[in-house]
Amino acid sequence: MKKQFILCCVVTAMLFSFNSCKTENEPSNETQLVYLPMSVGNYWIYQHFMMDSLGIEHPLNSFDSLVITKDTLINNKLYYEFGGRQNNAPFHKFLRDSAGYLLNGNGENIFSTHNFKDTLLKQNDSVEFNKIKRLIFTFKIKMESVPVIKTTAAGEFNTLNAHGYLTTYYYDSSARLIDTIITTQNTYYAKNVGIIIQEYQYYTEIKVYKRRFEKRLIRYKLNK
């Protein structure tokens, strides 16, 4: 279970990775749709759920919090710092809205209001097994163009899906590839609200038990 929670943290962190850089989009003069309202003091509370092999959902006694703590400049661009707790651990990240794109602290696109053609984000990571470098995951995000209605305890929302594709590679002690699993890591955003639902999956849970997980918005507060 400890390994499973580590994998969940890795997957979530990939959405806001600090491992590579990309040229930022400059704001335009046009009015942009805001899918993650950014103002100091805004906060969101999420509850985790497990869906079993029959599709029956089970609420878990696990909650995440997300709060905007301050604004700051990164490379002379205005960013907002997000803090809170994820998977029972404190965390922080930097995000910025720019010309209809949501960017992380490295200027990587993780969401768009209008770009449904391009792959927004491409990431991968490798580790060394017995002096042999092996790829452990690849992760991509591409927007889906068709809005999706999502309902949580916080209400009913018309959302856009930042569709994440995670490919994870597993090796034995001799660095021999023994398994590959591809999962989806969808993140649903609602206009003027923020992230409504985030999906995630664990290797053992999806491979053996056919169970998947998601966290859902249950409460939020936005400053005017």
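The values are calculated or read from the model by the stated rules, or taken from the named source; none is laboratory data. The shown structure was predicted, so the numbers you read here are calculated from the model rather than taken from an experiment. Every residue, glycine among them, receives a Cβ derived from its backbone with ideal geometry; neighbour counts consider all protein chains shown. These accessible areas exclude ligands, DNA and RNA; they are computed on the full protein's heavy atoms, side chains included. Shrake-Rupley method; radii C 1.70, N 1.55, O 1.52, S 1.80 Å.
A few notes on this one:
- So Leu166, is it under 23 Å from Tyr200 (Cα atoms), of a type in the set (A, V, I, L, M), modelled with pLDDT under 95 and under 15 Å from the mean Cα position of the chain (by Cα): yes
- Among (1) over 18 Å from Asn186 (Cα atoms); (2) open to solvent by 20 Å² or more (accessible area, probe 1.4 Å), the one test that Ser98 misses: (2)
- On the stretch given as the range 71-121, residues that are more than 19 Å from Ile197 (Cα to Cα), out of contact with any Ser or Thr (no Cβ under 8 Å at 6 or more places or on another chain) and of a type in the set (Gly, Ala, Ser) total 3.
- So Leu166, is it assigned to a strand (DSSP E or B), hydrophobic (A, V, I, L, M, F, W, C) and touching a helix residue (DSSP H, G or I) at 6+ places or on another chain (Cβ under 7 Å): yes
- Filtered residues of the range 50-66 (kept if among the charged types (D, E, K, R) and in contact with a His (Cβ under 6 Å, 6 or more places away or on another chain)): none
- Filter result (within 26 Å of Tyr79 (Cα to Cα) and either modelled with pLDDT of 95 or more or crowded, with 18+ Cβ neighbours inside 10 Å (or both)) within the range 123-154: Phe139, Lys140, Ile141, Lys142, Met143, Glu144
- Thr151 being in contact with a Ser or Thr (Cβ under 8 Å, 6 or more places away or on another chain), of a type outside the set (Gly, Ala, Ser) and over 19 Å from Val67 (Cα atoms): no
- Positions within the range 177-205 being open to solvent by 30 Å² or more (accessible area, probe 1.4 Å), touching a strand residue (DSSP E or B) at 6+ places or on another chain (Cβ under 9 Å) and either β-branched (Val, Ile, Thr) or not in a strand (DSSP E or B) (or both), in sequence order: Ile178, Thr180, Ile182, Thr184, Lys191, Tyr203
- Matching entry among Asp125, Asp97 (being within 30 Å of Arg176 (Cβ to Cβ), touching a residue at least 60 places away in the same chain (Cβ under 8 Å), of a type outside the set (Ser, Thr, Tyr) and touching a strand residue (DSSP E or B) at 6+ places or on another chain (Cβ under 9 Å)): Asp125
- Yes/no for Leu160 being under 25 Å from Met51 (Cα atoms), within 17 Å of the chain's Cα centre (by Cα) and open to solvent by less than 60 Å² (accessible area, probe 1.4 Å): yes
- Criterion applied to Phe139, Phe111 was being of a type in the set (Phe, Trp, Tyr) and in contact with a helix residue (DSSP H, G or I) (Cβ under 7 Å, 6 or more places away or on another chain), and the one residue passing it is Phe139.
Conditions tested, residue by residue: (1) out of contact with any Leu (no Cβ under 9 Å at 6 or more places or on another chain); (2) exposed (fewer than 14 other Cβ atoms within 10 Å of the Cβ); (3) at pLDDT 90 or above.
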| site | (1), (2), (3) |
| --- | --- |
| Leu7 | yes, no, no |
| Ala13 | yes, no, no |
| Ser28 | yes, yes, no |
| Thr31 | yes, yes, no |
| Gly41 | no, yes, yes |
| Phe49 | no, no, yes |
